[in-house]
1. Starting from the Kirkwood radius over alpha-carbon pairs of the chain, derive D by Stokes-Einstein at 37 °C in a medium of 0.692 mPa s and give it in µm² s⁻¹.
2. Provide the gained length on full extension for the span A94 to R216, in nm with one decimal, where the gain is 0.36 nm per separating residue minus the Cα-Cα distance.
3. About the Cα centre, and with charges only on the beta carbon of Lys, Arg (+1) and Asp, Glu (-1), how big is the dipole of the range 54-184? Nearest 20 debye, please.
4. Where the eigenvalues come from the Cα gyration tensor of the range 81-210, what are the semi-axes √(5λ) of the equivalent ellipsoid, largest first, in whole Å?
5. Can you tell me the orientation of helix 139-159 relative to the chain, as the angle in degrees between its alpha-carbon axis and the longest Cα principal axis, to the nearest 10?
6. Give the calculated FRET efficiency between E80 and D140 to the nearest 0.05, with a Förster radius of 35 Å applied to their Cβ-Cβ distance.
7. Counting only heavy atoms of the protein chains, get the accessible area per residue of the chain (1.4 Å probe) and round it to a whole Å² value.
8. Contour minus end-to-end for D174 and S234, with contour as 0.36 nm per residue of separation and end-to-end as the Cα-Cα distance?
Amino acid sequence: MSFLLTVVMAAILWLPALATAAPETPRIAATNWSVAETLIALGITPYAVADISSYNDWVQSPAIPAETLDMGLRDQPNLELLAQNPPDLLISSALFSRDNERLSRMMPVRLIDNFSSGRPYYEATVAMTREIARVSDTTDRAALLIRRTRRILESAAVALENADTPVYVIQFSDSQHVRVFGEGGMVDTIIQKTPLENAWAGPTNAWGFASISLDRLAARPDAHIVIIKPFPRSVGTELSRNRIWQHLPAVREGRVSEIEPVWLFGGLLSLQRLTESLVGALARH
């Protein structure tokens, strides 16, 4: 009996040591909102994220955890803040890489994003997710995230099987101009994987959109218009007095929907949200 007690006590004494020896999750900072979003989707609290205030306007979900530091602007990270207690890894992107050389003297820096590989958006975003999972030791969670995204896209294809109205997906730049999303990017992924027809067949930039004047949305008078918020400045409240907007066939005939902000250059979680939002806006039309 005393021998058994000795064994039990020894096991209890070893427990704190084992807990201490367990590997810790690396503290990962992100200049890129797509990376920040993906870290959170994989169950990782980012150590620091760039421009959290603007993230809250344009991305919104998933929310940045309260303990995450704001590391300044995406293209001008706060070097002094990061130097005080450097993260184990800073994940940067091609667009915000001008300070990478200086940053790499303070901490490991790795470039991971979904818009610099030359691959189609969906393939590149799956690859980005898997790469982030490798550096954060969350490969099983990444597999679940990828599978769920595929299921949502498959469900959207079924929900939209009777969709016969072309759609413009837009974001306002100002009261007279919009970004219209076409070939390439997140919107195009949904178009390609569902029966939806994109009303915009014109050229797009590397990010999958074109900047156009409002009147060009009249080119497809049969189209439905989906507006992705947020509206810049006072544009939203001024639309009722915007003569060009009010004369568009879709506006006159009530074929306009608004959906909450989604980061259209984001990761798989943003793709899931946009897919579900578009289904909600268009499935009943």
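1. Here the translational diffusion coefficient equals 157 µm²/s.
2. 40.7 nm
3. Numbers: 14 positive and 18 negative charges, 75 e Å.
With Lys and Arg at +1 and Asp and Glu at -1, about 360 debye.
4. 34, 21, 11
5. The angle comes out near 20 degrees.
6. 0.40
7. Value for the chain: 50 Å² per residue.
8. Once the chain is fully extended between D174 and S234, it gains 20.7 nm.
The values are calculated or read from the model by the stated rules, or taken from the named source; none is laboratory data. Model, not experiment: these values are computed from the prediction. Because the Cβ atoms are built from the backbone with ideal geometry, glycine has one as well, and the counts that use them run over all protein chains shown. Accessible surface areas use protein heavy atoms only, side chains included; no ligands, DNA or RNA. Shrake-Rupley method; radii C 1.70, N 1.55, O 1.52, S 1.80 Å.
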